[in-house]
Amino acid sequence: MALQFDSLGTWQSRDQQPAFGGDDLIAVAQRMREPAYVVQDPSSRAIGVALGGEAQLQGSGDWPLLAVLPPLYPEWLGCRSFCEAHGIRFPYVSGAMANGIATTELVIAMAKAGFLGFFGAAGLSLERVTAAVDELQNTLGSSLPWGSNLIHSPHEPALEEAVAELYIRRGVERVSAAAYMALTPAIVRLALSGVSQAADGSIQRKRYVFAKISRPEVARRFLEPAPQRILDDLLARGLLSAEEIRLGASLPVAEDLIVESDSGGHTDNRPLSALLPCILSLRDEVVAERRYARPVRVGAAGGMGTPAAVAAAFTSGAAFVLTGSVNQACTESGLDASGRAMLAKASIADVTMAPAADMFEMGVEVQVLSRGTMFAMRARKLLELYRAYPSLEAIPADEASKVEKQMLRCSFGQAWASTQEFWQGRDPGEVRKAEADPKHLMALVFRSYLGQSSRWAIAGETSRASDFQIWCGPAMGAFNNWSAGSFLAEPEQRQAVQVARNLMEGAAAITRAQQLRSAGVAMPAASFDFKPRLLS
């Protein structure tokens, strides 16, 4: 029997030497929306790849069909249940970069293009978050999916609860939960509020929690039903009903987990290749133990700066991918153009760890850009002084002078006055605590520098350029290397939707090349190097 196709070519000898320099094979790898057939010439034993149509058996002969590769679309790379549950076309999410860096403009652009975006509510006032929710609901309504962020705030639990209350009251359906080491009443209430049971017995959730995790023990807390002590507390306070608690006992707190590897901002710097399989195995274990009827999806974040990285995440079992650093460099981000230009020059090594503003006293760190800014070095110095001395007054004069002149650019007394004014309007309890505890007062003053440094980058405060805190992971440098020489190399050309389309299209092309290689075709190295292009 012979095989007949619409087109046949890309022949190579059986000893794996490409016959036509590999150009045809590269084209095959990047033509993803057609079926492909790997066949063998009976006379020369060379391998060929056919594209288009369907294989038809005609006449006599003995061309063996070695493999059939169905069409491949970027939409198919992840878990279909993820796209179906959230009403999106692509298994791709833009992350909730804090302080509004993930703007409403970014979220709207992603939603209209078939992706899912989260607004970066962390670090913003309740009024700012409310305004963002208003804009997103007025623009996208309920027809296009979107989400917003809830960050664990150990120093401001009232704000965390107020934002959760806002999301419940306004019907926000998707919430990205970040920086949680343990569950709080706010996140449990958010996850279970509105849970109901349909006539057929199935349990319906009113909203989805996306839990960003980087440790198995934290992942387990979100994979399991909520602890009874938290449920009892919420019931006693009238924040959950007895029916919601009953139904919640058979549900995980989160049905979508974001496995955060080496990323910008809060990170444990774990490699995705080690972390993701561990969390996937844990997910399977808990789902089997609990006999959940609903799927629990696990996505990958951190390092998603090239098509190869995205393809690797999907190949490893990720249901979806989430990008962060690369979106911060896009025109829709809330970062000032000067900060975006700094990101466009970063290499993989131009990142470092620095103390985090929100968990300064605990020694928690975030990953930031090191090229062109002295923030990380200065922030580490402040943490060193905080640990060494009981109060601002106890700091040696020469050290105090450097902090006042180089970082605060004012005296300790002036710095405390402005810090006191800020906290008086946000949480007066912090002021009272600082007045009774000199070390806490020192922490608040130092935290003011760390907090303002990210806002200076957002506002483009040129006089503070050396103090810019720009959250950034190595994905940024990888993206810059990949996009060099293309239209995406220039900061003003980086649109979030174009970046997303290129990463997903490229991941599909690389996956196609790997499929052909697995079928015995010797693919040239260039088949795995998808170049950025304008996509619609």
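Values quoted throughout were computed directly from the atomic coordinates according to the rules given, and no laboratory measurement underlies them. On a predicted model such as this, the values are computed, not experimentally measured, just so you know. Note that each Cβ is placed from the backbone with ideal geometry, even for glycine, and that neighbours are counted across all protein chains shown.
Annotation: amide H of residue 36 within the under-5 Å range of 69, sequence separation 5 or more or interchain, hydrogens built in the peptide plane.
In the stretch 345-467, a dipole from Cβ-located charges (positive for Lys and Arg, negative for Asp and Glu) runs towards its positive end, and of 431, 466, 389 it is 466 whose Cα lies farthest in that direction. Counting other Cβ atoms within 10 Å as a rough exposure proxy, the listed residues 92, 37, 73 run 73, 37, 92 from fewest neighbours to most.
Neighbour counting of Cβ atoms within 10 Å sorts the residues 423, 416, fewest neighbours leading, into 423, 416. Extension gain for residue 203 to residue 241 (0.36 nm times residue separation, less C-alpha to C-alpha distance): 12.2 nm. Taking other C-beta atoms within 10 angstrom as a stand-in for reagent exposure, 241, 463 fall in the order 463, 241, fewest first.
Helices in the chain, meaning DSSP H runs of at least 4 residues, each add -39500 (n - 2.57). Divided by all residues, the mean residue ellipticity at 222 nm is -12500 deg cm²/dmol. For residue 177, the residues whose modelled amide H falls within less than 5 Å of its own, excluding neighbours fewer than 5 places apart on the same chain, are 150, 210, 211, 212. Between [x] 94, 60, 40; [y] 74, 62, 39; [z] 108, 55, 46, which entry matches Cα extents along the principal axes in Å as derived from the coordinates of this structure? Structure-derived value, by its label: [x]. Note on the stretch 75-335: Kirkwood radius taken over Cα pairs, Stokes-Einstein applied at 20 °C and 1.002 mPa s, translational D equal to 117 µm² s⁻¹. Across the cross-link table entries 381/405; 212/345; 212/381; 402/439; 345/531; 212/433, which are compared at the Cα atoms, the separations over 25 Å belong to 212/345; 212/381; 212/433.
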